[in-house]
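Taking it in order: structure first as structure tokens, then the write-up.
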Amino acid sequence: MSAKENTAINQLFERLECRYALRVLWALRDGHPQTFRLLQDSVGGITPNTLNTRIKELREAGFLDHNSDGYTVTPSGQDLLKRLSDVQAFATRWVAAGQGKK
């Protein structure tokens, strides 16, 4: 992997590693807009302040947008979620195999 590729993946992971960032995106994966309150309920356990921060960061990264109906995933965010759907399939198999136990 080139230095440029390493930088790109590190920047993406840095953005997604922030607490609740992936959960915010995942809550919007069905493509339906959600209001702030509905998104907070969908994510679960997130404070309004943290949600505001994650929304701001994800909008700056180009993954989220906001319109009169609420928050939605941008085309770039949809592309990322499509790629993350493989992670969901892996997680399901991993847990079924008993490897996901704490």
Accessible area in square angstrom per residue, the chain, 1.4 angstrom probe: 69 Å²
So if I take the alpha carbon set of the stretch 1-93, get Rg, then get Rh from the Kirkwood formula, what is the Rg over Rh ratio? 0.98
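Could you sort THR74, THR92 by accessible area so the largest value comes first, with the probe set to 1.4 Å? Write down the numbers at each step before the final one.
Values: THR74 25, THR92 90 Å².
Final ranking, largest accessible area leading: THR92, THR74.
Defining a contact as two alpha carbons under 8 Å apart and six or more residues distant in sequence, what relative contact order in percent does the chain show? All intermediate terms of the calculation are to be shown ahead of the outcome.
Details: 78 pairs, mean separation 25.1, N = 102.
Value for the chain: 25 percent.
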State the percentage of accessible surface on the chain attributable to carbon and sulfur atoms; use a 1.4 Å probe and exclude ligands, DNA and RNA. 52 percent
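The values are calculated or read from the model by the stated rules, or taken from the named source; none is laboratory data. For clarity, every value in this text was computed on a predicted model and none was experimentally measured. Note: areas computed on protein heavy atoms with side chains; ligands, DNA, RNA excluded. Shrake-Rupley method; radii C 1.70, N 1.55, O 1.52, S 1.80 Å.
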